[in-house]
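Just below is one structure, and these are the notes that go with it.
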Amino acid sequence: MKITAIRLTRMTLPLEPAFNAAWDPNPRRQFPATLVTVETDAGIVGIGSGDTMDGFEAYEHLFLGTDPLQILNQVRRIETINFHGGRYWPLEVALWDIIGQVAGLPVSVLFGGARDRLPAYASCGELKAPEARAQSALAAKARGFRAMKIRISRDDVAGGIAAVRATREAVGDDFDLMVDLNQMWRMSGDIAPALPLARVQRIAEELQELAVLWLEEPLPQVDVVGAQRVRAQTGMQIAGGEMVRSIAELAALVEADAYDIYQPDVVLAVGMYRARQVAESANLRHRLFTPHTWTNGLGLLANLHVAAGVDAGPYLEFPYDPPGWTPDRRDFFLEPIDIDDTGCLVVPTAPGLGATIDWDVVKRFTV
Ligand SMILES: [Mg+2]
């Protein structure tokens, strides 16, 4: 089989200002989404998404005429580009969609087939006041979620801890809370210093008293020793690695036993095939893997297939923070993905990714 064409469809979706401002020091007020469509000489078409694919046109010729089923070679080829170019993992997603269709199996089965569903946690984006965050958690709990992750901004640590405390008091003990300090990577243009280790240690102590299940990305990537100290000091699980740039760096983190939970996003960090390697090496050490999924619905779906295949857990991230971020908005160009009445995300059973793209919507938002 040969790849005959790779089409990039670039879309943007307007964002709620409050939602965007919470993330981006230089808000663009738009959510970029690029749909990758790979065509083959067998008539099978694969789709992927999750990153912008900026600059990919310069490298497209490296893939045209190659065999989509030789997936390790394709992964290696994509890796050779991430030095001068970008990380073009949505292309790998489209290739797995093709492989799944050829095999007649969901992609999750090709990744191990361990689970057909995973419990999801509501993952917040906005920085809400304590009462509002507590109310949002109660609403999420009523909707079926069993866990929520709350971001704490380094610009307002006290406000963030107050939001976690108010949430814990509102939801009680039978609902897991996680906290993300987002200190491992930066949005473009953010050159402010990270919170120092001593401050992070005090934050971790306060969060431990609130029975936080894991503390995510408490320190910059280089500070493995600091992360280990926070974990030893509090006994709290440490999570990290959502945007780590290479499998070599992730392998070194696992080797150093840097975290309890490894989170490379399969469409942003190291791709699907490599994420499975991370999951397996972490599991061999009795550590966990559960990927970051904060892109669009197709990116979430790619992460769901890998996560279900490799037996990820204890929860899968479900980007959810209404009214700014809802399944309808996140999954705007496909049939929205949502939890079932037990709080689980169920893997589609159709061959490949099993996504249902709304091509009219794609056309409407194409730029
Ligand atoms: Mg995170």
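Data overview
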item	result
Residue check, Pro218 over 16 Å from Val310 (Cβ atoms), buried (at least 23 other Cβ atoms within 10 Å of the Cβ) and in contact with a Gly (Cβ under 8 Å, 6 or more places away or on another chain)	yes
Residue ranges of helices (runs of 4 or more DSSP H) in the range 93-188 with at least 2 members in contact with a Leu (Cβ under 6 Å, 6 or more places away or on another chain)	157-171
So Gly189, is it exposed (fewer than 14 other Cβ atoms within 10 Å of the Cβ), modelled with pLDDT under 95, of a type outside the set (D, E, K, R) and away from the ligand (no atom under 16 Å from the Cβ)	yes
Scan of the range 142-161 for residues that are surrounded by fewer than 18 Cβ atoms within 10 Å (Cβ to Cβ) and either within 12 Å of the ligand (Cβ to nearest atom) or more than 30 Å from Arg245 (Cα to Cα) (or both), ordered by number	Ala142, Arg143, Gly144, Ala158, Gly159
Selection within the range 205-229 - within 16 Å of the ligand (Cβ to nearest atom) and among the aliphatic types (A, V, I, L, M)	Leu207, Val212, Leu213, Leu215, Leu219, Ala227
Enumeration of residues in the range 165-184 that are away from the ligand (no atom under 15 Å from the Cβ), touching a strand residue (DSSP E or B) at 6+ places or on another chain (Cβ under 9 Å) and either closer than 16 Å to Val200 by Cα or free of Cβ contacts under 8 Å to residues at least 40 places away in the same chain (or both)	Thr167, Val171, Phe175
Ser246 vs. criteria outside the structural domain of Asn73 (by TED's automatic domain parsing), within 27 Å of Gly46 (Cβ to Cβ) and either free of Cβ contacts under 8 Å to residues at least 60 places away in the same chain or not aliphatic (A, V, I, L, M) (or both)	yes
Residues located in the range 229-261, provided they are part of a loop (DSSP other than H, G, I, E, B) and of a type in the set (D, E, K, R)	Glu242, Arg245, Asp257, Asp260
Condition met for Val278 (at pLDDT 95 or above, closer than 18 Å to Ile78 by Cβ and more than 11 Å from the chain's Cα centre (by Cα))	yes
Test: Arg143 is closer than 27 Å to Ala307 by Cα, assigned by TED's automatic domain parsing to the domain that holds Asp338 and modelled with pLDDT of 95 or more	yes
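Conditions (1) part of a helix (DSSP H, G or I); (2) touching a residue at least 12 places away in the same chain (Cβ under 8 Å), marked per residue:
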site: His292; (1), (2): no, yes
site: Leu300; (1), (2): yes, yes
site: Asn303; (1), (2): yes, yes
site: Phe318; (1), (2): no, yes
site: Asp328; (1), (2): yes, no
site: Asp340; (1), (2): no, yes
site: Ala355; (1), (2): no, yes
site: Lys363; (1), (2): yes, no
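The values are calculated or read from the model by the stated rules, or taken from the named source; none is laboratory data. Every value quoted in this text rests on a predicted model; they were computed, and no experiment measured them. With ideal geometry, Cβ positions are generated from the backbone for all residues, glycine too; neighbour counts draw on all protein chains shown.
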